Amino acid sequence: MRPDHPTPSCPAGRPSRRRLLAASALAAVAFPLGAGLRPPPALGATEPGDDQAYQNAFEEALNADRNVRRHLAAGREILYRPRQLLAAAADARRVAARLKDIGQPATMAGDFAGVTRLQFGAETDIPAIVARLRDPRQWPGQSVPKVQPHHVLLGLGNIMGNPGSPPRATAALPPPDPTRLAEGNGVTVGICDTGIWRQAAACHPQWLGGAYLPEPDDEDPLYLHTDVLAAQGGHGTFVAGVVRQAAPGVRVDPETALAPTGIGDEAMLVAALSRLVPEVSVVNLSLGGFTLDDQPSLPLANAVAGLPPGTVVVAAAGNAGTGRPIWPAALAGVVGVAAVGTAQSGLAPAPYSGYGPWVDACAVGRRDSTYVDGRLWLPGRPARLFHGFATWAGTSFATAHVAGRLAALMTAGGLDAEAARLALLAAPRWHPDYGVYVG
């Protein structure tokens, strides 16, 4: 999606050590611990059972999706596409030959991001086949091929890490602070998510009006029927609002990588990344998934490596409350973001957040933001009514805040995205498993 006016290019070349040190100092001033935080709004009494009902609704969406399978081995849980195997393109022919030899023939069904999709004609135990193909004993005198399931990704607890709590209606945001409108000006953040609400700019003119170029293929379908919202309908619109609050002058490029149920896969994300306009210098990925045996995702690693030089990717650490890595957040070079919450004693890790040494940064996960109009029905609960604004918690929204603050740091320090990333991460880690705190 191309912006309706061009944005200036980022400064070229690698910054000097003196410039990076100066930028690090600027980052410490711009993002002091606790700066810019406000307590969550008074939402009234929470209906008991809402969080579980939200999880039940998400489980129903997964169960109804015929293109999702679960692998439930303890500690190795994944979601994946049935009857599909992904192999590195260089290995695809010998993998196909071996599959034929073992009585599991598959046909080549196209390439994306350096991998070939191998399609089976019947239901197959994909994790078992991958384990067999990864066994060096199957390849005497040869290198072991790179193979994996076609992993399902979710908008970020449960097996994968979608937001564990439903959004809650809240009051309208105040207008942007006029003194902050230069923050992020000239920077474009790509948002690969559920897309954006058709009425987002019209209903949120102060926050989203003029911030992106509406295009039909970027639209979030939102609704199951009439005005009834899917489990994560509006997720991308909420994320866009968080990015703009963190950097009110930034432009965004929303691309659809997830269905409004919050379900997508590696091919969908790769396709969304390929549609980002050249002006994008920061990419926000408030989504992710576990992989078989916690191996890096082949297509996502290739797609991230294939982005224009200097592009910085910021990705959510997931909401499963575990140290198990979520991808793409755990990829080298990607800024993985965990969530923290506010407590009487200060900041504390959010109990739902992913964590570990692969996490680079953290931010408050509960945010108020731009949302949509509609009703959210949860099993056995009264309908939730929304009129354009909501409160929601998750690493998705901590990630969006970090992406926006990176954009703000770029304009404040005259930095390109990579220099801003280095400056941001040069600060002391708030916690070894949560990275640098970004306020």
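The values are calculated or read from the model by the stated rules, or taken from the named source; none is laboratory data. Bear in mind that the values here come from a model prediction, so they are computed numbers and not experimental data. Cβ placement follows ideal geometry from the backbone for every residue including glycine, while neighbour counts extend to all protein chains displayed.
The condition of being among the polar types (S, T, N, Q), crowded, with 19+ Cβ neighbours inside 10 Å and touching a helix residue (DSSP H, G or I) at 6+ places or on another chain (Cβ under 9 Å) holds for only one of Q142, Q148, that being Q148. Residue count for the range 377-390 under the criterion of being assigned to a strand (DSSP E or B) and either modelled with pLDDT of 95 or more or surrounded by fewer than 18 Cβ atoms within 10 Å (Cβ to Cβ) (or both): the result is 6.
Apart from one condition, P40 fits all of (1) at pLDDT below 95; (2) in contact with a helix residue (DSSP H, G or I) (Cβ under 9 Å, 6 or more places away or on another chain); the exception is (2). A Cβ distance below 6 Å, combined with a sequence gap of six or more or placement on separate chains, defines the contacts here; from the range 50-68, residues that are within 25 Å of A267 (Cβ to Cβ) reach residues that are outside any helix (DSSP H, G or I) and of a type outside the set (A, V, I, L, M) in the pairs F58/N162; A61/T261; N67/R81. Scanning the range 293-312 for residues that are more than 25 Å from D91 (Cβ to Cβ) and outside any strand (DSSP E or B), we see that the one that is nearest to the chain's Cα centre (by Cα) is T311. Checked against (1) over 15 Å from the mean Cα position of the chain (by Cα); (2) more than 24 Å from V242 (Cβ to Cβ); (3) not charged (D, E, K, R), V280 meets all criteria but (2).
Considering the conditions (1) touching a helix residue (DSSP H, G or I) at 6+ places or on another chain (Cβ under 7 Å); (2) surrounded by fewer than 24 Cβ atoms within 10 Å (Cβ to Cβ), T370 is excluded by exactly one of them, (2). Listed by first and then second residue, the pairs linking a residue in the range 335-359 that is outside the structural domain of A426 (by TED's automatic domain parsing) to a residue that is surrounded by 13 or more Cβ atoms within 10 Å (Cβ to Cβ) and in a loop (DSSP other than H, G, I, E, B), with Cβ atoms under 6 Å apart and 6 or more places separating them unless they lie on different chains, form an empty list. Do you know which residues across the range 303-337 are at positive phi and either among the aliphatic types (A, V, I, L, M) or crowded, with 18+ Cβ neighbours inside 10 Å (or both)? G318, the sole residue that qualifies.
The conditions of being buried (at least 16 other Cβ atoms within 10 Å of the Cβ) and among the hydroxyl-bearing types (S, T, Y) are not met by S274. Flag: A315 does not match the condition of being closer than 25 Å to E77 by Cα, part of a strand (DSSP E or B) and touching a Cys at 6+ places or on another chain (Cβ under 9 Å).
How many residues does the range 278-302 hold that are aliphatic (A, V, I, L, M) and crowded, with 24+ Cβ neighbours inside 10 Å? Qualifying residue count for the region: 6.
Inspection of the range 152-168 identifies at least one residue that is over 30 Å from V115 (Cα atoms), among the hydroxyl-bearing types (S, T, Y) and modelled with pLDDT under 95.
Give me the residue from the range 343-376 that is of a type in the set (A, V, I, L, M, F, W, C) and touching a Leu at 6+ places or on another chain (Cβ under 8 Å) and, out of that set, nearest to R168 (Cα to Cα).
The qualifying residue nearest to R168 (Cα to Cα) is L376.
When the range 406-424 is limited to residues that are small (G, A, S) and part of a helix (DSSP H, G or I), the one that is farthest from R251 (Cα to Cα) turns out to be A423. Screening L72 on (1) exposed (fewer than 13 other Cβ atoms within 10 Å of the Cβ); (2) within 18 Å of K146 (Cβ to Cβ) shows it passes everything except condition (2).
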